[in-house]
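Taking it in order: structure first as C-alpha coordinates, then the write-up.
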Amino acid sequence: MMKQKQKYLLPLITPLLIGAAVQAGVITNYYDGFEGTGNGANLNTRPAPEGTLTANWFSRAAIKTTGSAVTITDGAGDNPSNASLGFTAEAGKIYALSADLNNISTASFDSVWLGFRDDRSGTAAFTTNNATAARVFRRADGDYTIRTEDGTGSLVETSGSGTMKLVLDTTESAWTITTYWNDELAGATYTYTENPDITHVGFGFSGGGVEEPTQFDNTVNNFSLTVIPEPSTLGLLTASSAGLLLLRRLLI
(Lines give C-alpha, C1' and ligand atoms only; values in the text may rest on other atoms or scores of the structure.)
Protein backbone atom coordinates (compact mmCIF):
# COMPACT_ATOMS: atom_id res chain seq x y z
CA MET A 1 0.00 0.00 0.00
CA MET A 2 2.85 2.42 0.85
CA LYS A 3 4.50 1.84 -2.54
CA GLN A 4 1.21 2.47 -4.31
CA LYS A 5 0.77 5.75 -2.50
CA GLN A 6 4.31 6.77 -3.33
CA LYS A 7 3.74 5.88 -7.00
CA TYR A 8 0.64 8.00 -7.37
CA LEU A 9 1.87 10.86 -5.23
CA LEU A 10 5.29 11.15 -6.86
CA PRO A 11 4.04 13.64 -9.50
CA LEU A 12 2.92 15.86 -6.61
CA ILE A 13 6.19 15.67 -4.72
CA THR A 14 8.47 17.13 -7.37
CA PRO A 15 6.78 20.52 -7.89
CA LEU A 16 6.29 20.92 -4.17
CA LEU A 17 9.95 20.32 -3.43
CA ILE A 18 10.98 22.64 -6.24
CA GLY A 19 8.76 25.38 -4.83
CA ALA A 20 10.22 24.93 -1.36
CA ALA A 21 13.75 24.99 -2.74
CA VAL A 22 13.13 28.24 -4.62
CA GLN A 23 11.75 29.92 -1.52
CA ALA A 24 14.68 28.65 0.51
CA GLY A 25 16.95 30.37 -2.01
CA VAL A 26 17.33 33.67 -0.17
CA ILE A 27 21.06 34.09 -0.71
CA THR A 28 23.64 35.48 1.70
CA ASN A 29 26.15 37.46 -0.34
CA TYR A 30 28.18 38.54 2.68
CA TYR A 31 28.16 37.90 6.42
CA ASP A 32 30.80 38.92 8.94
CA GLY A 33 30.34 38.65 12.70
CA PHE A 34 34.02 39.54 13.19
CA GLU A 35 34.62 36.57 15.49
CA GLY A 36 38.08 35.15 15.82
CA THR A 37 39.78 38.46 15.22
CA GLY A 38 42.46 39.85 17.44
CA ASN A 39 41.70 42.81 19.67
CA GLY A 40 43.14 45.90 18.03
CA ALA A 41 43.88 44.26 14.66
CA ASN A 42 43.24 46.19 11.45
CA LEU A 43 40.06 45.24 9.59
CA ASN A 44 41.69 46.18 6.28
CA THR A 45 42.42 43.14 4.02
CA ARG A 46 40.46 40.74 6.27
CA PRO A 47 38.37 38.39 4.07
CA ALA A 48 34.63 38.43 4.56
CA PRO A 49 34.26 34.91 6.02
CA GLU A 50 30.80 33.86 4.80
CA GLY A 51 28.64 34.27 1.71
CA THR A 52 28.54 33.64 -2.00
CA LEU A 53 30.74 36.65 -2.81
CA THR A 54 34.46 36.74 -2.10
CA ALA A 55 36.16 39.96 -1.09
CA ASN A 56 38.52 41.50 1.43
CA TRP A 57 37.55 44.48 3.53
CA PHE A 58 38.99 47.80 2.41
CA SER A 59 39.10 50.17 5.37
CA ARG A 60 41.03 52.87 7.15
CA ALA A 61 43.52 51.91 9.81
CA ALA A 62 41.37 53.62 12.45
CA ILE A 63 38.83 50.77 12.16
CA LYS A 64 39.98 47.92 14.39
CA THR A 65 38.60 44.55 15.38
CA THR A 66 37.75 43.76 19.01
CA GLY A 67 37.49 39.98 18.79
CA SER A 68 33.71 40.09 18.37
CA ALA A 69 32.99 43.36 16.53
CA VAL A 70 34.74 46.31 14.87
CA THR A 71 35.26 49.73 16.39
CA ILE A 72 36.49 53.20 15.52
CA THR A 73 39.66 54.23 17.32
CA ASP A 74 41.47 57.50 17.79
CA GLY A 75 43.88 58.49 15.06
CA ALA A 76 41.31 58.78 12.28
CA GLY A 77 42.63 62.16 11.19
CA ASP A 78 40.31 64.84 9.82
CA ASN A 79 38.10 62.54 7.74
CA PRO A 80 35.46 59.88 8.29
CA SER A 81 36.60 56.26 8.50
CA ASN A 82 34.84 53.70 6.32
CA ALA A 83 35.01 50.01 5.48
CA SER A 84 33.70 48.51 2.26
CA LEU A 85 33.24 45.27 0.32
CA GLY A 86 32.87 45.10 -3.45
CA PHE A 87 29.32 44.61 -4.71
CA THR A 88 27.34 45.44 -7.84
CA ALA A 89 23.58 45.87 -7.55
CA GLU A 90 21.54 44.20 -10.30
CA ALA A 91 18.05 44.96 -11.55
CA GLY A 92 15.21 42.60 -10.69
CA LYS A 93 16.24 41.77 -7.11
CA ILE A 94 15.58 42.78 -3.52
CA TYR A 95 18.65 43.32 -1.35
CA ALA A 96 18.74 43.59 2.45
CA LEU A 97 21.83 45.17 4.00
CA SER A 98 21.93 45.01 7.80
CA ALA A 99 24.26 45.41 10.76
CA ASP A 100 24.16 45.95 14.50
CA LEU A 101 25.23 49.55 15.13
CA ASN A 102 26.19 50.82 18.58
CA ASN A 103 26.64 54.57 18.92
CA ILE A 104 27.77 55.31 22.46
CA SER A 105 29.14 58.78 21.77
CA THR A 106 27.99 61.72 23.85
CA ALA A 107 29.23 64.19 21.22
CA SER A 108 26.64 65.84 18.99
CA PHE A 109 26.42 64.51 15.42
CA ASP A 110 28.85 61.63 15.90
CA SER A 111 27.48 59.02 13.50
CA VAL A 112 27.63 55.35 12.59
CA TRP A 113 26.71 54.71 8.95
CA LEU A 114 25.49 51.74 6.94
CA GLY A 115 24.94 51.79 3.21
CA PHE A 116 25.35 50.92 -0.42
CA ARG A 117 28.11 53.00 -2.03
CA ASP A 118 29.38 54.18 -5.39
CA ASP A 119 33.03 53.90 -4.37
CA ARG A 120 35.19 52.23 -1.72
CA SER A 121 36.86 55.34 -0.36
CA GLY A 122 38.00 54.97 3.21
CA THR A 123 37.66 58.71 3.84
CA ALA A 124 34.88 60.08 1.60
CA ALA A 125 31.71 60.74 3.55
CA PHE A 126 28.67 58.54 3.21
CA THR A 127 25.72 60.75 2.29
CA THR A 128 22.00 60.25 2.60
CA ASN A 129 21.42 62.09 -0.67
CA ASN A 130 23.34 60.05 -3.24
CA ALA A 131 25.03 57.04 -1.63
CA THR A 132 21.94 55.05 -0.53
CA ALA A 133 22.96 55.13 3.12
CA ALA A 134 21.52 55.78 6.56
CA ARG A 135 23.05 56.64 9.92
CA VAL A 136 22.34 56.77 13.62
CA PHE A 137 23.71 59.93 15.22
CA ARG A 138 23.75 61.68 18.56
CA ARG A 139 21.75 64.89 18.72
CA ALA A 140 22.55 67.99 20.76
CA ASP A 141 19.65 67.24 23.11
CA GLY A 142 21.11 63.83 23.94
CA ASP A 143 18.67 61.70 21.91
CA TYR A 144 19.57 59.78 18.77
CA THR A 145 18.13 60.13 15.28
CA ILE A 146 18.09 57.80 12.29
CA ARG A 147 18.82 59.87 9.21
CA THR A 148 17.38 58.14 6.16
CA GLU A 149 17.74 58.40 2.41
CA ASP A 150 14.91 60.91 2.11
CA GLY A 151 16.92 63.31 4.29
CA THR A 152 14.60 63.31 7.30
CA GLY A 153 15.42 62.52 10.90
CA SER A 154 12.34 60.41 11.23
CA LEU A 155 12.95 58.07 14.15
CA VAL A 156 14.25 59.23 17.51
CA GLU A 157 15.58 56.74 20.02
CA THR A 158 16.84 57.11 23.56
CA SER A 159 19.59 54.67 22.62
CA GLY A 160 21.87 54.58 19.63
CA SER A 161 22.23 50.81 19.83
CA GLY A 162 20.21 48.61 17.48
CA THR A 163 19.96 46.77 14.19
CA MET A 164 19.77 48.86 11.05
CA LYS A 165 18.50 47.32 7.81
CA LEU A 166 18.35 48.91 4.38
CA VAL A 167 16.11 47.21 1.81
CA LEU A 168 17.00 48.08 -1.78
CA ASP A 169 14.31 47.02 -4.27
CA THR A 170 15.45 46.94 -7.90
CA THR A 171 12.45 45.05 -9.28
CA GLU A 172 10.83 48.15 -10.82
CA SER A 173 12.24 50.61 -13.34
CA ALA A 174 12.68 53.17 -10.55
CA TRP A 175 14.54 51.61 -7.63
CA THR A 176 13.53 52.20 -4.03
CA ILE A 177 15.22 52.02 -0.63
CA THR A 178 13.65 51.64 2.80
CA THR A 179 15.38 51.87 6.18
CA TYR A 180 14.43 49.95 9.31
CA TRP A 181 15.71 50.38 12.87
CA ASN A 182 15.07 47.43 15.19
CA ASP A 183 12.47 46.22 12.64
CA GLU A 184 10.58 49.52 12.78
CA LEU A 185 10.17 51.63 9.67
CA ALA A 186 12.50 54.63 9.85
CA GLY A 187 11.15 57.15 7.37
CA ALA A 188 9.25 56.77 4.13
CA THR A 189 10.39 54.54 1.29
CA TYR A 190 12.57 56.60 -1.03
CA THR A 191 12.12 56.29 -4.81
CA TYR A 192 15.10 57.27 -6.95
CA THR A 193 14.61 59.64 -9.84
CA GLU A 194 17.85 58.18 -11.22
CA ASN A 195 18.94 54.70 -10.17
CA PRO A 196 22.23 54.84 -8.26
CA ASP A 197 25.50 53.36 -9.45
CA ILE A 198 26.36 50.90 -6.67
CA THR A 199 29.78 49.27 -6.51
CA HIS A 200 30.26 48.57 -2.79
CA VAL A 201 28.51 47.99 0.52
CA GLY A 202 29.88 49.02 3.87
CA PHE A 203 29.76 51.04 7.04
CA GLY A 204 31.49 54.07 8.46
CA PHE A 205 32.08 56.40 11.37
CA SER A 206 32.05 60.19 11.19
CA GLY A 207 31.28 63.45 12.95
CA GLY A 208 28.66 65.52 11.20
CA GLY A 209 29.35 63.70 7.95
CA VAL A 210 32.60 65.09 6.56
CA GLU A 211 34.99 64.80 9.49
CA GLU A 212 36.20 62.30 12.05
CA PRO A 213 34.10 61.58 15.14
CA THR A 214 34.66 63.71 18.21
CA GLN A 215 34.61 60.58 20.37
CA PHE A 216 35.52 56.98 19.60
CA ASP A 217 34.71 53.35 20.46
CA ASN A 218 31.39 53.13 18.56
CA THR A 219 30.99 49.62 17.10
CA VAL A 220 29.52 47.62 14.21
CA ASN A 221 28.74 43.90 14.26
CA ASN A 222 26.87 41.19 12.34
CA PHE A 223 27.31 42.79 8.93
CA SER A 224 25.07 41.04 6.39
CA LEU A 225 24.00 41.38 2.74
CA THR A 226 21.27 39.07 1.46
CA VAL A 227 19.32 38.96 -1.79
CA ILE A 228 16.04 37.49 -3.00
CA PRO A 229 16.81 36.47 -6.59
CA GLU A 230 13.21 36.08 -7.77
CA PRO A 231 10.73 38.02 -5.62
CA SER A 232 7.80 36.63 -7.67
CA THR A 233 8.42 33.22 -6.08
CA LEU A 234 7.67 34.41 -2.53
CA GLY A 235 4.18 32.93 -2.59
CA LEU A 236 5.49 29.46 -3.30
CA LEU A 237 6.53 28.82 0.29
CA THR A 238 2.98 28.87 1.68
CA ALA A 239 1.69 26.59 -1.04
CA SER A 240 4.67 24.27 -0.74
CA SER A 241 4.41 24.03 3.04
CA ALA A 242 0.70 23.20 2.89
CA GLY A 243 1.29 20.64 0.16
CA LEU A 244 4.11 18.94 2.02
CA LEU A 245 2.00 18.73 5.18
CA LEU A 246 -0.82 17.10 3.21
CA LEU A 247 1.62 14.72 1.58
CA ARG A 248 3.02 13.70 4.94
CA ARG A 249 -0.46 12.93 6.24
CA LEU A 250 -1.28 10.84 3.19
CA LEU A 251 1.88 8.79 3.48
CA ILE A 252 1.45 7.99 7.15
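The values are calculated or read from the model by the stated rules, or taken from the named source; none is laboratory data. Bear in mind that the values here come from a model prediction, so they are computed numbers and not experimental data. Note that each Cβ is placed from the backbone with ideal geometry, even for glycine, and that neighbours are counted across all protein chains shown. Side chains included, ligands, DNA and RNA excluded: accessible areas come from the protein's heavy atoms. Shrake-Rupley method; radii C 1.70, N 1.55, O 1.52, S 1.80 Å.
Could you tell me which residue of region 91-140 is nearest to S154 (Cα to Cα), considering only residues that are of a type in the set (S, T, Y) and more than 12 Å from the chain's Cα centre (by Cα)?
So in region 91-140, the residues of a type in the set (S, T, Y) come out as 95, 98, 105-106, 108, 111, 121, 123, 127-128, 132.
Among the residues that remain, those that are also more than 12 Å from the chain's Cα centre (by Cα) are: 105-106, 108, 111, 121, 123, 127-128.
Values: S105: 20, T106: 20, S108: 17, S111: 15, S121: 28, T123: 26, T127: 16, T128: 13 Å.
Ranking the qualifying residues of region 91-140, first place goes to T128.
Assuming R120 fulfils every condition listed in (1) open to solvent by 30 Å² or more (accessible area, probe 1.4 Å); (2) more than 19 Å from S84 (Cβ to Cβ); (3) of a type outside the set (V, I, T); (4) in a loop (DSSP other than H, G, I, E, B) apart from one, which condition is it?
Evaluating R120 over (1) open to solvent by 30 Å² or more (accessible area, probe 1.4 Å); (2) more than 19 Å from S84 (Cβ to Cβ); (3) of a type outside the set (V, I, T); (4) in a loop (DSSP other than H, G, I, E, B) leaves (2) as the failure.
State all residues of region 160-197 that are closer than 24 Å to L101 by Cα and among the β-branched types (V, I, T); if no residue qualifies, say none.
T163, V167, T176, I177, T178, T179, T189
Taking the stated definitions as given, is W175 out of contact with any strand residue (DSSP E or B) (no Cβ under 6 Å at 6 or more places or on another chain) and surrounded by 18 or more Cβ atoms within 10 Å (Cβ to Cβ)?
On the way: out of contact with any strand residue (DSSP E or B) (no Cβ under 6 Å at 6 or more places or on another chain): yes; surrounded by 18 or more Cβ atoms within 10 Å (Cβ to Cβ): yes.
For W175, the condition - out of contact with any strand residue (DSSP E or B) (no Cβ under 6 Å at 6 or more places or on another chain) and surrounded by 18 or more Cβ atoms within 10 Å (Cβ to Cβ) - is met.
Select, from A41, A96, the only residue that is open to solvent by 20 Å² or more (accessible area, probe 1.4 Å), out of contact with any helix residue (DSSP H, G or I) (no Cβ under 8 Å at 6 or more places or on another chain), under 24 Å from I228 (Cα atoms) and not polar (S, T, N, Q). Walk me through it before giving the result.
Numbers: A41 fails: under 24 Å from I228 (Cα atoms).
After ruling out the rest, the residue left standing is A96.
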